1. Which of (1) modelled with pLDDT under 90; (2) more than 27 Å from Thr80 (Cβ to Cβ); (3) of a type outside the set (S, T, N, Q) is the odd one out, the single condition Gly67 does not satisfy?
2. So the check is Cβ under 6 Å with 6+ separation or different chains; which pairs have a first residue in segment 32-48 that's closer than 10 Å to Pro70 by Cα and modelled with pLDDT under 95 and a second one that's of a type outside the set (A, V, I, L, M) and in a helix (DSSP H, G or I)?
3. Anything in segment 53-79 that is within 17 Å of Gly15 (Cα to Cα) and without any contact (Cβ under 8 Å) to a residue 12 or more places away in the chain? List them, or say none.
4. Any idea how many residues of segment 21-35 are surrounded by fewer than 13 Cβ atoms within 10 Å (Cβ to Cβ) and either of a type in the set (D, E, K, R) or in contact with a Phe, Trp or Tyr (Cβ under 6 Å, 6 or more places away or on another chain) (or both)?
5. Being surrounded by fewer than 12 Cβ atoms within 10 Å (Cβ to Cβ) and not β-branched (Val, Ile, Thr) narrows it down to one residue among Ser2, Ser38, Ser18; which is it?
Amino acid sequence: MSPETLILGILGFLGLVSVIATFLAIMERDLLRAVLFSAIQSTVYAFIYYLLMAPDIVLVYIRVAVGLYPAIVLFLIKKTERYEGESGENH
């Protein structure tokens, strides 16, 4: 097995994981879990950028998409309702 084939296989797997994490983030009614799935998707993208030999993008992307963005969204969720939908609904 050549290294190129291995890298392409890993990229395909990571792409599938990112699609699944994105789907779960969209479908989740618990906003905290949706942020977690979004952070997983962002982490997978960071690995993809690293494998595509874009270390400068990875250095910025990890800080913003994996650290800063979820922190801001979690702060905003704390100020509102945790669950999507009507307030007063049983969870």
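The values are calculated or read from the model by the stated rules, or taken from the named source; none is laboratory data. Bear in mind the structure is a predicted one, so any value in this text is a computation, not a measurement. Cβ sites come from the backbone with ideal geometry, for glycine too, and all protein chains shown count toward neighbours.
1. So Gly67 meets the others, but not (2).
2. Going by the 6 Å Cβ cut-off, the qualifying pairs are Val35/Pro70; Ala39/Pro70.
3. Result: Met53, Ala54.
4. Of all residues in segment 21-35, those surrounded by fewer than 13 Cβ atoms within 10 Å (Cβ to Cβ) come to 23, 26-27, 29.
Cutting the leftovers down to either of a type in the set (D, E, K, R) or in contact with a Phe, Trp or Tyr (Cβ under 6 Å, 6 or more places away or on another chain) (or both) gives us 29.
So the count comes out to 1.
5. On the way: Ser38 fails: surrounded by fewer than 12 Cβ atoms within 10 Å (Cβ to Cβ); Ser18 fails: surrounded by fewer than 12 Cβ atoms within 10 Å (Cβ to Cβ).
Testing whether each residue is surrounded by fewer than 12 Cβ atoms within 10 Å (Cβ to Cβ) and not β-branched (Val, Ile, Thr) leaves just Ser2.
Yes/no matrix, rows are residues, columns are (1) under 30 Å from Tyr83 (Cβ atoms); (2) not polar (S, T, N, Q):
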| position | (1), (2) |
| --- | --- |
| Ile10 | no, yes |
| Val17 | yes, yes |
| Val35 | yes, yes |
| Ser38 | yes, no |
